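Asker: Questions regarding the structure given below will be posed in turn.
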Amino acid sequence: MMLLVKRIFLFTFVALLSHGVVARVTHAESREKQKVVYHINVDDRKVLNTAMKTIQNHLGAVGADNLDLRVVLHGNGIALLQLAHSDPTFQGKVKSLKRQGVHFIVCHSTLAARKIDFKKDLYDVTEADIVPSGVAEIAHLQSQGFSYVKP
Amino acid sequence: MNHDDKFSDEYLNAFIDDQLTPEEREQVYARLSHDEALKQQVCRLRQVSDLVSLAYKQVPQPAPGLRTAKAGKWFGLGLAAGLALAVSAVAGWLLFPSSTPNPGSPVAQAMSPSAAVASADNVEKVLIHISDGQPLHLKNALDEVESLMRFYRKSNQQAHVEVITNGDGLNLLLADTTAYAARIERMQKEYAGLTFVACQNTIDRFKNELGVSVRLLPGVVVTDSGVAQIMRRQHQGWAYIQV
């Protein structure tokens, strides 16, 4: 009788603990993505192309599922989505990155200052992609644990 | 009480327990001297009383070992069970960190000045790094800094923003050659949390390699090494942005 009771307690304990471990593993997989923010504020095509290559390399090295990668575009960097709007090769590269989970974030201050209509002039931008200040967004993301990369 | 009446057991028990008054006791003693039946009655009751007293004086102790062992077993088991439960609860609590929606998601940020989330002590700390001295670059850099300060002001967000210049970026702060003396002076007056910083290593290099004696704009702070200051600030939890 005593042995049975002991066994019941042991089973319950192990069950609870292993449930927690399994939950932690799956929880960990979904929560602990590498977080990085890429900052682009130049319109030099060479720099933009290199930046996209770098991002692709990053995805390849870490795995798209393990990466929360955001590209903040402000100032001259808005050119990346203007080019993607008009240039099919550029568009193909941006599309490919987006399919792999990359978020392109656009600065509203820049749009307002340059009188850019995000629906007409930029490739595939919705209101959800727009932040009030690109620089403030970069600072904010760093406070949330994002690493900063300036390609 | 009548001389010939029988005493009740209750009365006699009181006599035996010495709870009668002296007069009552005298009465009983008087009757006992010639009443054989009463003698026997008192004797019987006294025996019962003595047996009861004896029983209360000698309460049998539990058999040593048997009951204690049982209690210990249950106690140990109960303790183990409680411990297992407590450890499981704590393990579960630790292994299930509370999940919060990602506050940095684009949806959360869209079109709202109040979406800026402050650092733990409610002051945003941002380091802006300028190392390129080309005139257009410097203009864009100042535009970005001002845009940032305006945003924080609009969202009632306290902020310390440090603009650190090294390399060719130092040109921004050279009193003799900069195109932005007035603009920087205005920005310094307008935004209390804004500081312009010059790198001493770069100042020395300008002197030694270019023969330029650096004179800085008023209010500019000097740091020993720009890159060292960048590292220090990041260690202190400042955000770093290269514009």
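Values in this text are rule-based calculations from the coordinates and carry no lab data. On a predicted model such as this, the values are computed, not experimentally measured, just so you know. Every residue, glycine among them, receives a Cβ derived from its backbone with ideal geometry; neighbour counts consider all protein chains shown.
Asker: Starting with the fewest neighbours, write out A:33, B:189, A:120 ranked by other beta-carbon atoms found within 10 Å of each beta-carbon.
Answerer: Fewest to most other Cβ atoms nearby, the residues stand as A:120, B:189, A:33.
Asker: Same structure again: Could you grab the relative contact order for chain A? Cα pairs under 8 Å, six or more apart, rounded to a whole percent.
Answerer: 29
Asker: Can you return the lysines within cross-link range of residue A:115? Criterion is Cα-Cα under 23 Å, with same-chain partners fewer than 8 residues away left out.
Answerer: In chain and number order, the partners are B:139, B:154.
Asker: Quick check: net charge around residue A:74, other residues with Cβ under 11 Å of its Cβ, Lys/Arg +1 and Asp/Glu -1?
Answerer: -2
Asker: What order, most packed first, do the peptides B:150-161, B:11-22 have when packing is the mean number of other Cβ atoms within 10 Å of each residue?
Answerer: Put in order of decreasing packing, that is B:150-161, B:11-22.
Asker: Another question, then. Tell me, A:52, B:231, B:187 in order of fewest to most beta-carbon neighbours within 10 Å?
Answerer: Ordered from fewest to most neighbouring Cβ atoms within 10 Å, A:52, B:231, B:187 come out as B:231, B:187, A:52.
Asker: Also, quick follow-up: Report, in order of residue number, the helices in chain A meeting two criteria: a C-alpha extent of 20 Å or more along the helix axis, and a mean Kyte-Doolittle hydropathy of at least -0.5; treat each whole DSSP H run as one helix.
Answerer: A:2-31, A:45-62
Asker: In a Gaussian network model over chain A where Cα atoms closer than 10 Å are linked, find which of A:125, A:102, A:62 has the largest mean-square fluctuation.
Answerer: Its mean-square fluctuation being the largest, the pick is A:62.
Asker: Excluding same-chain residues fewer than 8 positions from residue A:119, which aspartates and glutamates have a Cα within less than 19 Å of its Cα?
Answerer: Result set, ordered by chain and number: A:87, A:127, A:129.
Asker: Determine the shielding of peptide A:88-101 by partner chains: average, over its residues, the number of Cβ atoms on other chains within 10 angstrom of each Cβ.
Answerer: 0
Asker: Just want the ordering: B:125, A:95, from fewest to most Cβ atoms lying within 10 Å of their own Cβ.
Answerer: A:95, B:125
Asker: Let me ask you something else. For residue A:53, list the lysines whose Cα falls under 16 Å from its own Cα; do not include residues on the same chain fewer than 8 positions away.
Answerer: Those lysines meeting the cut-off are A:93, A:95, A:98, A:150.
Asker: What does the charge count around residue A:103 come to, taking other residues whose C-beta lies under 13 Å from its C-beta (Lys +1, Arg +1, Asp -1, Glu -1)?
Answerer: Summing Lys/Arg as +1 and Asp/Glu as -1 gives +1.
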